[in-house]
Amino acid sequence: MDSDRRRRQRTRSQLNEFEAVVLSGTGGVWTVLADSGERHDAALRGRLKQDGNAKLAVGDRVAVERDASDVNAAWAITTIHPRKSKLARRAPSGARGERIVAANIDQVVVVFAAAKPEPHVRMLDRFLVIAEGNDLTARIVINKVELVEPAVVDALVAPYERAGYVVHRTSVKQRLGLDELHEALAGRTSALSGPSGVGKSSLLNAMYPELTLRIGEISESVNKGRHTTVGAVLIPLTDPSGGFVADTPGLREVGLWGMPPEDLDRCFPEFRPVLGSCKYQDCSHDHEPSCAVRAAVDRGDVSAARYESYLKLLSDLPDPSNTWD
């Protein structure tokens, strides 16, 4: 009799408690994907709402439960598990602190087109710095390679490959590079970024036909003016190996807010071998004499275009006295 009762209690507990990942959220209601594959809408439990440090984000691993005595009770998120990584921004409207764009990200995948639209390397560099500033691995996808000669693509990506970035050359129309990109996404949680019109939705549909994303659905707002919204959505990939893609609108604006200017040089991997070799310890690599970074540019070890991007980003950083914590 006692064993039957314990078995019924365990069964009831399993039906009313589960582990999940957060897919999206609006208005205090979050859609979560249970490890069993079911989706539910859930709200933060009261004590988590009152905890100023309990900031829920897409990609968070959570524990969810409801009152076992009421099968019609709403689901509640009771625990936010520790994060292994995060993509963060400064809180908007002058507020202090940070806002998490997405949690538990394994890599940032930056997608640009070889043409239509023309690639904007300064914007590409900004996306890469965002990833580096959040200590996240980044890889680059150059899509629509069928529109230009291979030599054009090679010249475009040469500075990035030399800096150590993995570059995927892809074409949905010609089915080029899709298997390699599919393998890079498999089993990982990737933040997908890039301007509108470069083919992010088309790439995902080609690799995962079951997604049936509308063309242009992924991150439409990224390249439209001064957006500050960071309402990310986590998309489960339809693949036996699993994985997720986090659509992160507004990523272009989030990464550099709050970055100390003296940390920017470390966000350029090709600078790192010579950092610490400048004459001045606090060298900005702009005008100081005996600068090891500028010497590397003169030798051709560092791309002049990438160095110009560094200077532009440095000038765009806010006043370091306006700190946030």
Practice task
Evaluate segment 193-201: report whether one residue or more is part of a helix (DSSP H, G or I) and hydrophobic (A, V, I, L, M, F, W, C).
Solution key: no
Practice task
Would you confirm whether any residue within segment 257-279 is modelled with pLDDT under 85, touching a Lys or Arg at 6+ places or on another chain (Cβ under 9 Å) and part of a loop (DSSP other than H, G, I, E, B)?
Solution key: yes
Practice task
Inspect all residues belonging to segment 172-185 and state whether any of them is at pLDDT 95 or above, of a type in the set (Lys, Arg), under 20 Å from the mean Cα position of the chain (by Cα) and in the same structural domain as Val110 (by TED's automatic domain parsing).
Solution key: no
Problem - Qualifying residue in segment 203-212 (condition: at pLDDT below 85 and under 24 Å from Lys144 (Cα atoms)) - result: yes
Handout entry: Test result for Pro249, at pLDDT below 95 and within 30 Å of Gly25 (Cα to Cα)
Key = yes
Practice task
Scan segment 222-246 for residues that are at pLDDT 65 or above and crowded, with 16+ Cβ neighbours inside 10 Å and jot them down.
Solution key: Ala232, Val233, Leu234, Ile235, Pro236, Leu237, Gly243, Phe244, Val245, Ala246
Practice task
Report yes if Ala114 is touching a residue at least 24 places away in the same chain (Cβ under 8 Å) and more than 20 Å from the chain's Cα centre (by Cα), otherwise no.
Solution key: yes
Practice task
Only residues that are touching a residue at least 40 places away in the same chain (Cβ under 8 Å) and assigned to a loop (DSSP other than H, G, I, E, B): list them for segment 289-306, please.
Solution key: Ser303
Fill in the blank from the handout: Going through (1) assigned by TED's automatic domain parsing to the domain that holds His120; (2) modelled with pLDDT of 95 or more one by one, Ser303 fails only at (1)
Handout entry: Within segment 1-118, strands (runs of 3 or more DSSP E) holding 2 or more residues that are in the same structural domain as Pro236 (by TED's automatic domain parsing) and modelled with pLDDT of 95 or more
Key = 107-113
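The values are calculated or read from the model by the stated rules, or taken from the named source; none is laboratory data. All figures in this text were calculated on a predicted structure; none of them were measured in a lab. FYI the Cβ positions are ideal-geometry reconstructions off the backbone, even for glycines, and counts take in every protein chain you see.
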